[in-house]
Structure formats: structure tokens, C-alpha cells
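Here is the structure we will look at.
The values are calculated or read from the model by the stated rules, or taken from the named source; none is laboratory data. Keep in mind that this is a model prediction, so the values were computed, not measured. FYI the Cβ positions are ideal-geometry reconstructions off the backbone, even for glycines, and counts take in every protein chain you see.
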Amino acid sequence: MHAIAIGLSHKTAPVELREMLAVPESRIGEALGRLVAYPGVREGMLLQTCNRVEVYAIVEHVESGFSAVQDFLVETHFSLSAEQLLPHLYWYAGERAISHLFRVASSLDSMVVGEPQILGQVKDAFRLALTHNTSGVILNKLAKKAISVAKRVRTETRIAENAVSVSYAAVELAKKVFSNLAQKTVFLIGAGEMAKLAAQHFITHGVRQILVTTRDGARVRKMADRFKGIPVPFDEFRGELYQADIVLCSTGASHFLIHREDVVRAVRERMNRPIFLIDVSVPRNIDPAVREVDNAFLFDIDDLEMHIEQNREERRQEALKAEQIVKEEVEVMIKWLQSLEATPTIVALRERAQRIKEGELQKAWSRLGHLSSQEWAAIENLASAIVNKLLHGSLVALKSAAQAEERAFYIEAARRFYHLDEWEKECRLNHSRMAAGNQSDQHASRPAASPAHSRQSIEVPVNVPPSHHRIARPDDEQTADPA
Amino acid sequence: MVTVAFASALVCYFSSTLLFLIYLLRRSETLARIALALTSVAFAVHTVGLVLHLVAGEGIRLISFHKAMAFFSWTLVLVFLGVVLRYRLHVLGAFLLPLAFLALLSTAVVPTSSVPVLQPVFQTVWIHVTLSVLGTVGFAVAFVAGLMYIMQDRLLKSKQFNVLSFKLPPLDFLDALNQRSILLGFPLLTLGILTGAVSAQITWGSYLSWNPEQVWALITWAFYLIVLMGRITVGWRAKKAAYLTIVGFAGVVLTFLGILLKGHGPPASL
């Protein structure tokens, strides 16, 4: 069983392609069903955000899994061809796939490192996989772990603590002056992009009203519409300054628009309530002398940059810590997966030995039908003892190697020595034939435990075979004669 | 027993004060949690000590300097714990706890004999003390809020975005805390002064005997009245209010020191 991750993100693909691959939520169930219908794909989860589309799957073989998921992606959009898609995809398997999922959930792979939305999106993806029954034991564990890793990163590092954009830094600084932005008034002067972005942030934080002014009268109304604000004529805006708790200034003017006296007057009219001014225009539009006015707090673009540079540096430091956490957790996960992997081989090996023993006993019985029950018991014991003693070394090696690095080699060796892969394939074939209703084959398909089943029923004791495995004997009164 | 309780409370307050001061400059929330736990323990011990102290001797009436200070300190911590519970404002500990610690310390270092006990001639004189102490607690909180306001204001003005500015609450919160504390403290102190005057009239035959600490108390009271009126009428808020409450609290401390050094007895002329 291998975990794989295939997808594309803002780092590898343009938005047009990402849009194409996105599956609407109403059709996710169908898409997930299609994904796990590919042969060899056991479990699947689809993570889509505006910055990424990724498929996480648990597959039997990495190579065939990769091609299955790739086919799946190509099929999601009718106009998509493999040639268009391939150059933008990244492919991860095993440890790297797990690490990728953990990094994505922890927002280490995001466009803005530390942004909080991604965790919710991973949760949604997992929920959908659960709803549509495409997440099993391994993916459940993997997704839950990813969520807990993200939470650990969130609580143990300060990766998401501070603003890293100029517009958001304005909000962050305003919160040092005003504890609650809900009752505040924002005055937007000019139509500069950064100030508009900041205004948008303030609106998300629930400011009460927005006043808007620009030199261009027509534009004022447009902006007022956009922000549901109140337009103020440009030549009167200084008189209205007192209304504003927060002033966002970003115009193309080459001189100061707001002078010290304007702010002094505004603060006086505000009865000394603090006023917070952001000047993101270059050249500056607010006289730096405003800084000296009591209860007025002026920040220009350099101040904001300085603030976020500190935050960015901090995020970089925190991201390093977060990577370390991810690394630790990936190791834990890998160990778990490895311990899981040895078990099916052990079970398969025991089952295989049991079937061989039963087959040979069956043959012996048809030749030696006249033996007494004691003699039969002795022969059965003999067979069991030989099988157990022969297997003992291999089983111990497999079990003890469950955590070691050479585990993979042991498993591979056991599978080759005892032809486990072929045998399992045969079992599966017989099983499906049985399921298809071919009753005549029933006897031949005695060793019918499919690998999938044997994985669930891990402990099958070898030395004491369950009663239904016992061979019927002529003088066995408790068992009906098979002939 | 009382001494043991107060001594252990003092040790705990001292340690948590130190922890809160370190917390101010460090990015560890664990520190604050430890300090808060320590404060809660100290507060419990303090409560036990205070109850024992009050029931001992003259009953629960607050008429000695020591009892008044122990009560003042206790109320400050109570207010602190309340504010932390309500606003998660751990940083307040670095400012309020030193005051509480010093107040309780004064009961340990000032010998009982050096401070005259208020004569319990008039049964209700303890009401005067209790109300005045509660009023003072309000002014102490206002003072601390003012101090924090000035610090945050300076940090913002000088664009220092450091741990301290991160920890200090927003300016308008501090201003509101300042205002509310004075609004609570002022009526309590007014009532405290009125009951004091009535007690003085009954004990000594005059409402006001113009001794220095009485005069100081009146000046302080008038000062806070002006601060409060100024806020409402001409907008003495924010930075100005912060400075004014710091000055006002200095007046309160001087009055306390006056009582401590000279006693609270009848005027010399009588």
C-alpha cells in the first residue's frame, strides 16, 4: 500500500488550468467514486482550493497509481488533454506524499505562508471523502494526522500570527488603537489600489461606515457604490476629517493634502478621540509633521513595510520550526504505515502454509482412508509441526523487522520465496469467480481468503487450525462425510 | 497564623510580579499562566489571612492602617483576577500586581506601633475607611491604565512594533478602563470623605479640621472631580486623561503617606 499525491498548485499551473480541474461540490461524489474505481486505487481524497487541485490516494503500486490518477485528472474536464496537463503536475509517493499533505495543511505550501483558510479546506476534502466512502483506514489516519499537524503548527509556532501584506498591516496597526473596529468610520481619500484593498479589509472587520473622496467627481460615486460608502466632495474633505477614526490616503497628488493644522483641528473636534492615519501614497500626501499631534497616529508606507518585514522575518523563522514539526510527524506516520505493511505479508504467509498443509492432508486422506482417528491426529500434528517450524524463522524476522529499515527487503523476500503475490492473485481470481456464481469451482477455490480480507483478520493462529479447516475423516462422527 | 498567611502571600505575589514583568518582554504565554496560577494561590492565602486578621481584635472593622492596606491589596488582586477572567489581559499583572505587593508589604515592614489606630469612638468609622480604600482601588486601576496608555502611545508614535506593543492592549481599551475606574472610584471616595467628615463631627465636633492630610485628601478629590468633568465637557481623554490620572494617583499616595506618617488622629489644635 502506498500513499501518493498528484496535483498542481499556484506554483506550477496558471489559474485557467486550475479552474478547469476544479470539480463542483455537487459532482465530487461522482468524481471520487470514479477515482477509486481505477484498478489498484484503494482510497482517494480530492483537495481543491483556488490555489491548488490535488488528489491524494492510497494505491497498490506507485506507478500504476500515478497513471490511474493522471487519467482521472485528464477525464475531469472534457477539453483537457494529457499533454496540456502533464507539464504542470507534481507527483509524490510515500514519505514525500505524506510530507506534502502535512505541509499543505499547515499552510507551508500556501501562496501566503501561514494563511488560515487551507486547514478548513483540507477538513472539507476529508469530510467529502468520508461522506462518499472513499477514505479508508490509511487515508483516515493520514488526513486526521494532517489536521492535527496543522493544529500543532498553529499552536506551537507563530506562523499565522502577524500580517504580511501592507493592506492587512494597516488593519493590524489600527487594532493597536481601536479594540473594536465595528463602530468606526473609515475615510478613504483617493483611489489608490492599496488603500482600496485596506478599505476592503476594514469592511471585513465590520467598520460602521466608509466615507469616500477623490479629486475626480465621477469616480467618487463609483467608489462609494463599490464600498457602500458616503461620497464627500473633494474640496470639503478636510472639514469632514473629524468624522473619521481611520483615514486611508492614497492619491496621485504630488504635494501634501492633509497638513498638521487639519489634523489638530480634527482631533480637537473629536474631543481628543484618537485618529489613525495611513498614508500609502508616494509621494506622501499627509504631512509627516502630523506625527507630533497628540492622539493622531500616522503611518506611511515605509512604516507599514517595516512592520510587515518584521512579521515576514518572524514567519520565516516560524516556518523553519513548522517544517521540523512536519518532519517529526511524517516519521511517526511512516512508522505506522510500515508496521501496517508487514502484517498482511505475515497473514498471507500463514494462510498460504495452512492451505498447502490442508491440500496435502486431503491427498493423504484419499489414499489412506482406513486410518483410525488417533493415527489421523498424529499425521495432522506432524504436518502442523513441520509447517510451523519451517515458518517460524521467517515470521519472527518479519515481525521484528516491522520498524527497521530492512523491513521492505524482508517482506519482498518472503513474498518471492513463498510466491505470495501470485497466490494472492489466484485467490482473488477464484474469489471473484465465486462471487460471479460459478458454484462448480467452489471446491477448488478453498483457499479463498482474499488479501483484503486477510488484512482485517490479522491473527490466524497457525498451530491450532480453526475447526472448519480440519479435514473430514471417515470415522469422524462430528463431521459429515464429504463424499 | 495571620503573619504566616501574609508572609506566604507576599512571597507568592513577589514571584508572580517578577514572572509578569518577565512575561512583558517575552513571547511566552506559559509564563503568564504560571504567574496567574501563583497569583491565585497567593490570593487564596491572602483571603484567609485577611479574614483571620479582621476577626481578630476589634472585629471586622477596618480601622487600622495595616488592615486597610491588607484590604486595599486584596481588592486590587480581586480586580486584577476579574479583569483577567473577563478580558484575558494578563499583561495587567505586570502593572497591578507590583502595587498590590507593595501595599501588602507595607503591612509587614511598617511596625504596628508607629501608626496610631483610629479610635473606634464612632461605630461607623470603619465605613469611612472601607469606602476610601475602595475608591483608592479605582484610582489605582486608573493609574495603571494611564501608565499603560502612555507606554502604548509612545511605542506607536515611535513605530516600535515590539513584544511590548504586541502585549499592551489597544489605546481605546485603556482609555475606557481609565474612565470606568475613575467613574467607580470617585463616588466611593466621595462617600468615604463624607462619612469621614460625619465621623469627625461626632468625634471631634467639627467636620473638617484643616490638617494637612485632610487638605490633601480634599485637593485630590477635587482634582479627580476636575478630571472627570474635563473628560465629559472638554474632552480630556486619551493621552491627557492618562497623564492626569497618573498625577492624581501621586496625590492619593501622598495622602496615604501623610496618614501613615502623621496618623489619623484629632487635629493638634484640639
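Just one of (1) buried (at least 22 other Cβ atoms within 10 Å of the Cβ); (2) under 17 Å from A:Ala143 (Cβ atoms); (3) of a type in the set (A, V, I, L, M, F, W, C) trips up A:Ala68, so point out which.
Unmet condition: (2).
In the list A:Ala348, A:Ala342, A:Ala353, A:Ala322, which residue meets the criterion of being within 19 Å of A:Ala143 (Cβ to Cβ), away from chain B (no Cβ under 14 Å), surrounded by 14 or more Cβ atoms within 10 Å (Cβ to Cβ) and among the small types (Gly, Ala, Ser)?
Only one candidate passes the filter, namely A:Ala322.
Looking only at the stretch A:172-219, which residues are over 13 Å from A:Phe276 (Cα atoms) and touching a Cys at 6+ places or on another chain (Cβ under 9 Å)?
A:Ile189, A:Gly190, A:Gly192, A:Ala195
Can you tell me how many residues within the stretch A:124-138 are modelled with pLDDT of 90 or more, assigned to a helix (DSSP H, G or I) and not polar (S, T, N, Q)?
Residues in the stretch A:124-138 being modelled with pLDDT of 90 or more, assigned to a helix (DSSP H, G or I) and not polar (S, T, N, Q): 7 in total.
State yes or no: is A:His307 closer than 17 Å to A:Leu188 by Cα, modelled with pLDDT under 90 and within 14 Å of chain B (Cβ to nearest Cβ)?
no
Just the residues that are touching a residue at least 24 places away in the same chain (Cβ under 8 Å) and surrounded by 13 or more Cβ atoms within 10 Å (Cβ to Cβ), please, taken from the stretch A:360-375.
Once the filter is applied, which keeps residues that are touching a residue at least 24 places away in the same chain (Cβ under 8 Å) and surrounded by 13 or more Cβ atoms within 10 Å (Cβ to Cβ), the stretch A:360-375 yields A:Leu361, A:Gln362, A:Trp365, A:Leu371.
Take the stretch A:264-279 and flag every residue that is touching a Leu at 6+ places or on another chain (Cβ under 7 Å) and within 15 Å of A:Ile189 (Cβ to Cβ).
A:Ala266, A:Leu277, A:Ile278, A:Asp279
Only one residue in A:Ser26, A:Ser64, A:Ser81 is touching a helix residue (DSSP H, G or I) at 6+ places or on another chain (Cβ under 8 Å) and assigned by the TED database to the domain that holds A:Leu108. Which one?
Unique residue meeting the criteria: A:Ser81.
Looking at the stretch B:28-39, is at least one residue assigned to a loop (DSSP other than H, G, I, E, B), of a type in the set (S, T, N, Q) and either at pLDDT 90 or above or under 19 Å from the mean Cα position of the chain (by Cα) (or both)?
Looking for residues that are assigned to a loop (DSSP other than H, G, I, E, B), of a type in the set (S, T, N, Q) and either at pLDDT 90 or above or under 19 Å from the mean Cα position of the chain (by Cα) (or both), one finds none in the stretch B:28-39, hence no.
Tell me the helices (runs of 4 or more DSSP H) entirely within the stretch A:189-304 that contain at least 2 residues that are within 14 Å of chain B (Cβ to nearest Cβ), surrounded by 14 or more Cβ atoms within 10 Å (Cβ to Cβ) and not polar (S, T, N, Q).
Ranges flagged: A:260-269.
Within the stretch A:148-165, track down each residue that is within 14 Å of another protein chain (Cβ to nearest Cβ) and in contact (Cβ under 8 Å) with a residue 60 or more places away in the chain.
If the condition is that a residue be within 14 Å of another protein chain (Cβ to nearest Cβ) and in contact (Cβ under 8 Å) with a residue 60 or more places away in the chain, then A:Glu156, A:Thr157, A:Arg158, A:Ile159, A:Glu161, A:Asn162, A:Ala163, A:Val164 are the ones that fit.
Residues of the stretch A:91-140 being more than 24 Å from A:Glu161 (Cβ to Cβ) and basic (Lys, Arg), which ones?
A:Arg96, A:Arg127
Looking only at the stretch B:224-245, filter to residues that are part of a helix (DSSP H, G or I), crowded, with 18+ Cβ neighbours inside 10 Å and not charged (D, E, K, R); which one of those is modelled with the lowest pLDDT?
Per the criteria, the residue is B:Ala238.
Taking the stretch A:150-188 only, how many residues are outside the structural domain of A:Gln243 (by the TED database) and either touching a strand residue (DSSP E or B) at 6+ places or on another chain (Cβ under 6 Å) or in a strand (DSSP E or B) (or both)?
Qualifying residue count, the stretch A:150-188: 0.
Of the residues A:Ala57, A:Ala37, which single one is exposed (fewer than 13 other Cβ atoms within 10 Å of the Cβ), in the same structural domain as A:Leu17 (by the TED database), closer than 25 Å to A:Arg127 by Cβ and of a type in the set (Gly, Ala, Ser)?
It is A:Ala37.
Among the residues of the stretch B:37-50, are any surrounded by fewer than 16 Cβ atoms within 10 Å (Cβ to Cβ), within 14 Å of another protein chain (Cβ to nearest Cβ), over 27 Å from B:Ile246 (Cα atoms) and among the polar types (S, T, N, Q)?
No, the conditions are met nowhere in the stretch B:37-50.
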